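Participant: I have a structure here, written as structure tokens, and I will follow up with some questions on it.
Laboratory data are not the source of any read-out in this text; all were calculated from the coordinates shown. Model, not experiment: these values are computed from the prediction. Here Cβ is always computed from backbone atoms with ideal geometry, including for glycine, and neighbour counts include all displayed protein chains.
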Amino acid sequence: MAFDESTSVPPECGEVVRSLLDRVPVGMCRFDLKPPLPLALPEAEKLARLRSDARLAECNHELSAILELAENELAGTGLLERFLAGAQDGDELLKAFLRGGYQLANIPLRRVDSHGNVRALLGNVTGVLEDGHLVRLWGNLRDVTEFRRAEDDALRLAALTRDNPFPVLQVDAAGFVILQNAAAGRLLAELSVDLADILPQNHLDLVRACLETGLPITDSECRVRDRTLAWTYTPVPDLGQVNLYGSDISERKRYEERLQREALYDALTELPNRALLADRLERALQRSQRHPEAQFAVLFLDLDRFKNINDSLGHDTGDELLRAAARRLVECARRQDTVARLGGDEFIILQEDLRGVGDATRLAERLLASLAQPLTIRGRPIYTSASIGIALSGAGYTRAEDLLRNADTAMYRAKAAGRGRFAVFDAGMHQRALSLQRLETDLRRGVERREFEAHFQPIVEARRLQPVAFEALARWRHPERGFVSPGEFIPVAEETGLIEPISRLILEQACREARRWQRSGSPPLAVSCNLSAAQFSDAHLPLHLRRVLEEHQLPAACLEIEITESLAARNPEQAVRVLAELRQLGIRVLIDDFGTGYSSLGSLQRFPADVLKIDQGFVRRLESDPSAAAIINAVVNLAHALGFEVVAEGVETEAQLAIVRDRGCDFLQGFYFGRPMPAEEVPNWLARRG
């Protein structure tokens, strides 16, 4: 889409609307009038102003292709200069535009293309009026050459015989029908209507124009019941008559309407898509700028943990979940609200005519309550929740994308606060978003400068509490901030994909340090390293691990690899294959955060793993929630029955220690035994343990 900074619409219209125009299979453009043209001016002055001031500001790719001119060549041209260049009398056209309610429809145009062929075009122009002024004009062109040729062939065929399968009428100069063929009679009987009902409302004007110009008029449409008829008016000047050739274009119209719907609505949920949302949001913003009391809100809704559900239950189930969630959203919203799908599991609700922020927060509460109820998908209940960010109009907004960005920022704030809740945007959130951007930049720089280091937390044998391994945990030593909390940088690293190079760096450090401890006389303790999703999906993972072990001369039995239960459940077939290859190398495999994922017992039984690590959330609740002990007992019994050993994570107190030992856990890990420590502190820690 060409874009002229001097004459374009305000930049807040956004690239989304321009992208929509470029997908329309019709040449479209916009002419701006600067300054706007007062409607009260005399006609002669308005004609002069139209010729001199109406300049093309924007066009789509289709118009450029039709006129065989680059978009920058069309920018700034006048109405008659390029767009209506094929008109017989440009001034008469402009007069017709002014006298016809600032509209021109179905303008027949002719132009010679670069190959010397005459092309038939059909144009339309519509003016946009605001406060007594003509401010801009929208135009479109269609190349109807092939359609005209086919139509001419049909007309010649119809002239040979009256037994035409399409309705044919002959009318006099006053528009009265003097002859009709059998097809026209059948059409009237089929629809049970009169002749006047199947003709365009401006039938008499069309007859007069056809006889005055001596030119045919095509595509004059008439809607009759559920049918759409198109009439071609062909003059017979010698007789003072006009022949009308009709065709039923109902299917074509339905096809065009379907194309239009596909351009503006989401195919999966049938909700408005990003393009239609952008248009409605722009209208709401412009309305609020003209009328400050016309408040509205943008609610950005994201389904929580949808990716886990999609990966574990399949994309077909995920699609049905999205459709069911969309229906819930529509049920909660008002008829005048717009519920749109941006893509993936992200939805937008544009709530207009607000009385205050309370209207928006109450809608958010209804949405959350509705989505908290199980969705029945293929006969089974699926539980989900949502996080919602709210941005309110006002506050100096001039661009629709700023509202969407701030609602998105508030949504992530709600998600970070625990999911299943909403947050209203404030200026502080924007500052936090900027901080996250700076954090991502520092992360990328930190990876390049190898600022990440492994800290090691001991894992002990449950009976004698003697160390058997250390888990290698990533720590970031920022050059200015010092150590950055893992809770701050790990989520950003996972979201940006930087967790993969960080995990590789930690793996290599862990193997190097483990070998160094052994050389200094420490017992052959294992190091346990976490794999990122990118590493686990790498087909060369076993080769990489073998290379690292060989490089640092570390026995494979001294390396343990941890993957989360949810990661293994995403693709059980791949998990089985990769884990089997790791075990063939002699590497022990641990399933981390067990009890928080979606793996089935069948998948778990097939996983070639050695150890299950019970998520620390269950251990922390042992002293306050009796059910936590029952869950741990069930997991330990299940694991032992399937041949797994068990690590209890998060042991911090004597009471927790006693319970997990009593329940049969094989290994323990937590602050009770030691916090994560730098590699150089490990030998001293081991010495103190005797």
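Participant: Using r as the Cβ-Cβ distance of Arg99 and Val177, and R0 as 30 Å, what FRET efficiency do you calculate, to the nearest 0.05?
Facilitator: So, using R0 = 30 Å, E works out to roughly 0.55.
Participant: With Rg and Dmax of the Cα atoms in Å defined as stated, name the option among (1) 35.9, 118; (2) 30.4, 110; (3) 33.4, 125 computed from the structure displayed.
Facilitator: (1)
Participant: What number do you get for the stretch 11-143 when its Cα radius of gyration is normalised by 2.2 N^0.38 Å, N = residues?
Facilitator: Normalised Rg, Cα atoms only: 1.03.
Participant: If eta is 1.567 mPa s and T is 4 °C, what Stokes-Einstein diffusion coefficient results for the stretch 482-550, Kirkwood Rh from Cα pairs, in µm²/s?
Facilitator: Translational diffusion coefficient: 96 µm²/s.
Participant: Roughly how many nanometres apart are two label points built 7 Å out from the Cα toward the Cβ at Asp353 and Glu681?
Facilitator: 6.3
Participant: Could I ask something else about it? Grab the Cα-Cα distance for Arg227 and His61, subtract it from 0.36 nm times how many residues apart they are, and report the gain in nm with one decimal.
Facilitator: Net length gain for the segment: 56.5 nm.
Participant: Could you work out the relative contact order of the chain? I mean the mean sequence separation of Cα pairs under 8 Å and 6+ apart, divided by the number of residues, in percent.
Facilitator: 7
Participant: Arranged by the count of other C-beta atoms within 10 angstrom, fewest first, what order do Asp538, Asp32 take? Can you show the working numbers first?
Facilitator: Values: Asp538 16, Asp32 20.
With the sparsest Cβ surroundings first, the list reads Asp538, Asp32.
Participant: Report the Cα centroid-to-centroid distance between the stretch 327-343 and the stretch 60-111 in angstrom, as an integer.
Facilitator: About 40 Å separates the Cα centre of the stretch 327-343 from the one of the stretch 60-111.
Participant: Evaluate the distance, in nm, between pseudo-label points positioned 7 Å from the Cα of Ala70 and of Tyr383 along their respective Cα→Cβ axes.
Facilitator: Each label point lies 7 Å from its Cα, and together they span 6.2 nm.
Participant: For a quick check of your reading of the filter: which GluC sites (Glu not before Pro) in the stretch 459-489 sit in a DSSP loop and have no more than 15 other Cβ atoms within 10 Å?
Facilitator: Sites meeting the loop and neighbour criteria: Glu480.
Participant: If every alpha-carbon in the stretch 147-255 counts as one equal scatterer, what log10 I(q)/I(0) does Debye give at q = 0.16 1/Å?
Facilitator: -0.67
Participant: Any aspartates and glutamates with Cα under 17 Å of the Lys307 Cα? List them, leaving off those in the same chain fewer than 8 positions away.
Facilitator: Candidates past the 8-residue exclusion: Asp316, Asp319, Glu320, Asp345, Glu346, Glu494, Glu495, Glu565.
Participant: Along the principal axes of its C-alpha atoms, what lengths does the stretch 418-535 span, in descending order and rounded to whole Å?
Facilitator: Cα spread of the stretch 418-535 along its principal axes, largest to smallest: 56, 35, 27 Å.
Participant: Using helices alone, what [θ] at 222 nm do you get for the chain, with -39,500 (n - 2.57) per DSSP H run of 4 or more residues, divided over all residues and rounded to the nearest 500?
Facilitator: -13500 deg cm²/dmol
Participant: How high is the FRET efficiency between Leu465 and Asp319 when r is their beta carbon distance and R₀ equals 41 Å, given to the nearest 0.05? Each step should come with its number before you reach the end.
Facilitator: Values: r = 51 Å, r/R0 = 1.23.
Calculated value: 0.20.
Participant: What ranking do 663-674, 235-246 get when scored by the average of other Cβ atoms within 10 Å per residue, highest first?
Facilitator: 663-674, 235-246
Participant: Just how large is the dipole of the stretch 448-688 about the Cα centre, in debye to the nearest 20, putting +1 at every Lys and Arg Cβ and -1 at every Asp and Glu Cβ?
Facilitator: Value, rounded to 20: 580 debye.
Participant: Let me ask something else. Tell me, what is the FRET efficiency for Val118 and Arg449 to the nearest 0.05, using R0 = 51 angstrom and their Cβ-Cβ distance as r?
Facilitator: Values: r = 67 Å, r/R0 = 1.32.
With a Förster radius of 51 Å, E is 0.15.
Participant: Rounded, prolate or oblate, given the Cα gyration tensor of the stretch 448-688, with a/c below 1.5 counting as rounded? Intermediate values should be presented prior to the final figure.
Facilitator: Values: a/c = 1.38, a/b = 1.16, b/c = 1.19.
Taking the square roots of the gyration eigenvalues as a ≥ b ≥ c, the stretch 448-688 is rounded.
Participant: In nm, to one decimal, how far is the modelled label at Asp205 from the one at Thr496, with both set 7 Å along Cα→Cβ?
Facilitator: Between Asp205 and Thr496, the simple spin-label model gives 6.2 nm.
Participant: Please get the size of the charge dipole for the stretch 159-223, origin at its Cα centre, with Cβ charges of +1 on Lys and Arg and -1 on Asp and Glu, quoted in debye to the nearest 20.
Facilitator: 120
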